[in-house]
1. Does the stretch 41-60 hold any residues that are in a helix (DSSP H, G or I) and either of a type in the set (K, R) or on the phi > 0 side of the Ramachandran plot (or both), and which are they?
2. Of everything in the stretch 69-85, what is more than 18 Å from L55 (Cα to Cα) and of a type in the set (V, I, T)? Give them in sequence order.
3. Search the stretch 132-153 for residues that are basic (K, R) and pair each with any residue that is assigned to a loop (DSSP other than H, G, I, E, B) and surrounded by 14 or more Cβ atoms within 10 Å (Cβ to Cβ) when their beta-carbon atoms are under 6 Å apart and the residues are at least 6 apart or on different chains.
4. Condition check: assigned to a helix (DSSP H, G or I), more than 21 Å from V102 (Cβ to Cβ), modelled with pLDDT under 90 and not small (G, A, S). Does E215 satisfy that?
5. Which is among the acidic types (D, E), farther than 19 Å from D175 by Cβ and outside any helix (DSSP H, G or I), of E117, E84?
6. Does T63 satisfy the criteria of being in a helix (DSSP H, G or I) and either surrounded by fewer than 22 Cβ atoms within 10 Å (Cβ to Cβ) or modelled with pLDDT of 95 or more (or both)?
Amino acid sequence: MARLILEYAITLGILAGNPFDRVKKSKTKRTARLVTDNEMDLTVRAGRQMGGQYLVVALALKTAWLCLRRSVEVRALQVQQINEQGISWKAGKIRRSDVPIVGLIHWSAELKATIGEALSLRGPDPSQECFVFGTSTGERYTKGGWKTMLHKLMVKAKALADEENVPFQRFSLQDCRPKGITDKLASGHDDVMDATLHSSERMIREVYDRRRVREATPAR
């Protein structure tokens, strides 16, 4: 960002050169983390045992998985995005010249039950709370507030896993989108690009596809 700002200063004649020309962008470390069904189930169960806002956070994680959504999209989900057909999501990354694209994730029995449970947890005056996964006062969670709630939820989920002697690794909202995409690809769904609102199949394959085993039919 600083390089772009100084580049503009050069075009205005304020600077003769850009001191950030040799600064390279840090490479993003990719992860192969794939949340399991059991880890998701343990987390939701932990949320139900803890109740209140912890259950709200757990249901948000499940919604991110079912709807293949980014962290920021789920934390910002508003009641008006919910309709009889399902949940409408706007593309998170669009160019200025592009017309906003909306993706509709249709209801499944599991998704409808998840959202219904989340809506039932809203405060005494639901009309004042537009965020489905908001705080107890109906506001959108800050990153710090969300992180604190998620940490405590994961501690509880890990404790449940230890009691049942089953493996468990902590995960976040960012890990739920790859799980949703991977599950759909593994099931043979052909609407992954529409579900994610991505314009590049390559992006989906290289970044989000975490399948350990790839299945295919013979040539004939």
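1. Of the stretch 41-60, the ones in a helix (DSSP H, G or I) are 41-50, 52-60.
Selection gives R45, R48, G52.
2. Passing the criteria: V72, I82.
3. That search, which allows pairs on different chains as well, returns R140/G134.
4. No: the conditions fail for E215.
5. Values: E117 fails: outside any helix (DSSP H, G or I).
Answer to the check: E84.
6. On the way: in a helix (DSSP H, G or I): yes; either surrounded by fewer than 22 Cβ atoms within 10 Å (Cβ to Cβ) or modelled with pLDDT of 95 or more (or both): yes.
Against the criterion (in a helix (DSSP H, G or I) and either surrounded by fewer than 22 Cβ atoms within 10 Å (Cβ to Cβ) or modelled with pLDDT of 95 or more (or both)), T63 qualifies.
Residue-by-condition table, conditions (1) touching a Leu at 6+ places or on another chain (Cβ under 7 Å); (2) part of a helix (DSSP H, G or I); (3) among the acidic types (D, E); (4) modelled with pLDDT under 90:
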| site | (1), (2), (3), (4) |
| --- | --- |
| R95 | no, no, no, yes |
| F133 | yes, no, no, no |
| G144 | no, yes, no, no |
| L160 | yes, yes, no, no |
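Listed here are the residues, each with its yes/no results for (1) out of contact with any Leu (no Cβ under 6 Å at 6 or more places or on another chain); (2) assigned to a helix (DSSP H, G or I); (3) hydrophobic (A, V, I, L, M, F, W, C).
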| residue | (1), (2), (3) |
| --- | --- |
| R170 | yes, no, no |
| P178 | yes, yes, no |
| I181 | no, yes, yes |
| L185 | yes, yes, yes |
| D190 | yes, no, no |
| D194 | yes, yes, no |
| H198 | yes, no, no |
| R202 | yes, yes, no |
| E206 | yes, yes, no |
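The values are calculated or read from the model by the stated rules, or taken from the named source; none is laboratory data. Source: prediction; values computed, not measured. Here the Cβ is made from the backbone with ideal geometry for all residues, glycine too, and neighbour counts use every protein chain on show.
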